[in-house]
1. Name the single residue that is farthest from S346 (Cα to Cα) among those in the stretch 377-391 being of a type outside the set (G, A, S) and at pLDDT 90 or above.
2. For the stretch 305-327, state whether one or more residues are modelled with pLDDT of 80 or more, assigned to a helix (DSSP H, G or I), open to solvent by 30 Å² or more (accessible area, probe 1.4 Å) and hydrophobic (A, V, I, L, M, F, W, C).
3. Considering only residues that are over 24 Å from the mean Cα position of the chain (by Cα) and touching a residue at least 24 places away in the same chain (Cβ under 8 Å), look in the stretch 199-223 and name the one that is most open to solvent (accessible area, probe 1.4 Å).
4. Which one of S443, S410 is open to solvent by 40 Å² or more (accessible area, probe 1.4 Å) and modelled with pLDDT of 75 or more?
5. Which residue is nearest to A81 (Cα to Cα), if the candidates are limited to the stretch 129-140 and must be of a type outside the set (G, A, S) and open to solvent by 30 Å² or more (accessible area, probe 1.4 Å)?
6. Please indicate, with yes or no, whether at least one residue in the stretch 266-284 is on the phi > 0 side of the Ramachandran plot and surrounded by fewer than 19 Cβ atoms within 10 Å (Cβ to Cβ).
7. Among what's in the stretch 231-265 and is over 25 Å from the mean Cα position of the chain (by Cα) and among the polar types (S, T, N, Q), pick the residue that is surrounded by the most Cβ atoms within 10 Å (Cβ to Cβ).
8. Of the residues G73, G58, G65, which is buried (at least 22 other Cβ atoms within 10 Å of the Cβ) and modelled with pLDDT of 90 or more?
Amino acid sequence: MTDPRTRRPRILRGDLPTEPMPMADLLRRTPYRHARIPGAAAEDAALEQALDLAVRVGELMLRCGAGAPQVEGAIAATAAAAGVDRVELDITLQSIVVQARSSAGRRHTLLRVVRHTRFDYARLVAVHRLVESLVAGEVTTAEAAARIQEIKLHPRNYPKWAVTLANALLASAVAVVIGASALAALATIGVVLGVAAVARLHARLDLPEFYGNAINAFAATLFAGGLYALGATGAIPFGESEFAFVVAGGIVAMLPGRTMASAIEDVIFGYPLTGAGRLLAVLLSLTGLIIGIASGLSAMLMLTRWTSSSFVSPDVLDLRVTQAPILPALLASLVVGLAAGVTVQSRRGLILPMGLLTIVGVAVSAVLTRGPGVGAVTATGIAAVVVGVLGRLLAQRMDAPSLVLVVPASFGLLPGLTIFRGLYELVAQGENSGLLTFQSGLSTLLSAGGVLLAIATGTVLGEYLAAPWDRHVRGSRRPRTHQVPR
């Protein structure tokens with residue numbers, strides 16, 4: 001007999017009971033959403049092998065800097081391609097739990113713990129292509145298991161010295177984007193390399209990241225302050241504006257932009273625990289930077305007060321987000337994207353697209369702020385949406401997850417100068433006839449936080465809007481399964 005509740009009009013029916021999420025829902029809006037889902041549960045041996053491969057894929061992705069949505073989609077696609085009809089997933093900041101039931105009714109549960117994360121986007125691309133090959137039936141489960149081990153053991157693409165140099169070039173290019181001269185750009189490279197030397201010294205103590213960031217930021221501020229002192233004596237043409245640009249470039253090089261983007265994406269797509277953990281890590285990292293820079297500025301103010309000399313004039317507070325002419329800013333933004341690709345250990349073939357995408361983001365933001373006079377937060381958010389859309393489409397065309405292009409391309413939008421202005425207002429209050437106040441400093445720092453949030457939410461929205469066109473952009477291209485992550 002039919003349940004009379006099923007004959008009720010739809011408007012009168014209650015909500016469906018809460019049940020485990022179907023595999024199709026786990027794959028929705030992922031590059032693997034067309035994976036074939038088995039119609040029945042697998043046997044115990046096959047199920048255990050499939051879950052082991054799936055959790056190893058997820059572990060490697062989480063270890064290399066992927067967000068929870070990407071990890072969940074890859075695990076679900078791998079499990080489905082390996083013969084699992086339904087899987088339960090629980091992903092946190094440091095662990096992955098996977099559970100499924102076999103055809104005999106037995107539950108199989110696997111756990112992996114990821115305690116340390118090192119950004120390695122080349123490995124993410126390699127894992128992404130491997131999962132696509134498995135979904136397409138081009139490799140077997142056993143072959144995929146051997147391949148994932150090969151990807152895991154492959155050396156990183158760039159040595160430490162190359163990453164350090166790329167980080168210095170990134171900071172220098174950011175300084176040029178916001179208006180620094182050639183001398184200030186060279187000074188930024190020297191300051192960042194000096195900070196890297198300081199970081200190697202305190203790395204022997206194995207300090208937590210919070211203290212390391214504070215020490216690095218303090219050193220960067222003092223190094224730039226030393227150059228400013230030389231400029232005050234007339235030895236070099238280095239004024240207060242150049243000092244601000246150098247510190248701002250160093251701030252961008254040290255900002256946790258990669259973790260911020262992953263944290264916001266986790267929260268938006270329903271992973272509050274993981275997102276909250278990442279956001280707390282971002283907050284602590286930012287706090288360390290703020291403490292270090294503020295301490296450096298306070299020390300410089302104290303020294304200039306003792307020597308009866310002047311420090312950064314109030315004119316620095318009138319600096320806009322970008323002072324550079326549009327052509328040098330766009331050329332410098334290309335360098336930002338190229339250098340950012342090296343710092344995240346990306347594949348060599350994706351470095352140039354990152355640079356071009358960075359140009360697009362900086363150009364959109366510059367046109368909006370200089371033309372219609374749109375506010376910095378709104379202009380940055382719109383530019384981030386454009387970067388997210390184009391990054392997703394371009395990444396699908398190049399057989400890569402979108403974050404490996406979108407995250408480095410957003411570095412050109414980071415608000416290093418705004419953070420410097422806010423910190424200067426905080427530590428220099430009362431030094432300039434009441435022009436600086438604690439409240440104005442907080443307001444400026446909140447504006448910088450709004451820009452960071454606009455970048456993260458804008459790129460996520462752009463990727464979400466472009467997701468329906470994945471298959472059309474990818475076309476008939478197939479992933480290259482026998483490549484090392486270079």
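The values are calculated or read from the model by the stated rules, or taken from the named source; none is laboratory data. Because the structure is a prediction, the values reported are computed rather than measured. Positions of Cβ are backbone-derived with ideal geometry, glycine not excepted, and every protein chain shown enters the neighbour counts. Accessible surface is based on the protein model in full, side chains and every heavy atom, while ligands, DNA and RNA are left aside. Shrake-Rupley method; radii C 1.70, N 1.55, O 1.52, S 1.80 Å.
1. The extreme case among them is I382.
2. yes
3. F223
4. Answer to the selection: S443.
5. Looking at the filtered set, the residue picked out is V135.
6. Taking every residue of the stretch 266-284 in turn, at least one turns out to be on the phi > 0 side of the Ramachandran plot and surrounded by fewer than 19 Cβ atoms within 10 Å (Cβ to Cβ).
7. The selected residue is S241.
8. From the options G73, G58, G65, the qualifying one is G58.
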